[in-house]
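Read-outs: derived from the displayed coordinates by stated rules, not from any lab. It should be emphasised that the depicted structure is a prediction, and the values quoted were computed from it without experimental measurement. Backbone-built Cβ (ideal geometry, glycine too); neighbour counts: all protein chains shown.
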Amino acid sequence: MPRRKKVTVGQMVVNGGWRSTRQALRYASRFGTACEILGHPPTIEEYQDVHGLSRAQAFRDQKAWRTCVPGYSVLEVVSDDALRQRGLSPEDREELIARELAG
């Protein structure tokens with residue numbers, strides 16, 4: 001079972017500053033939207049395509065998340081209920097978390 005992490009906005013600001021926190025929250029929101037559209041958590045390329053972003057912007061968004069919430073993927077921070085609503089089993093989640101953190 002993947003580790004669960006409670007993250008506060010205050011912790012995010014301490015880790016990355018206001019601008020990065022805003023960008024990281026936007027990344028998490030867009031990530032969730034892409035999950036709903038695609039029916040599965042997106043790769044960075046799918047995230048980019050779904051939202052019409054440049055490659056550089058998609059990676060900046062991901063970098064902001066990693067700066068503000070180091071060591072945790074979006075999938076580890078969002079609620080279990082939200083993940084279940086997107087049809088992710090615990091096994092799916094573990095595989096996706098490993099993939100996201102790897103690259």
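For Leu25, neighbours were defined as the other residues whose beta-carbon sits under 12 Å from its Cβ, and their charges (Lys and Arg +1, Asp and Glu -1) total +3.
Length gained on full extension, Val7 to Thr43, computed as 0.36 nm times the residue gap minus the Cα-Cα distance: 10.7 nm.
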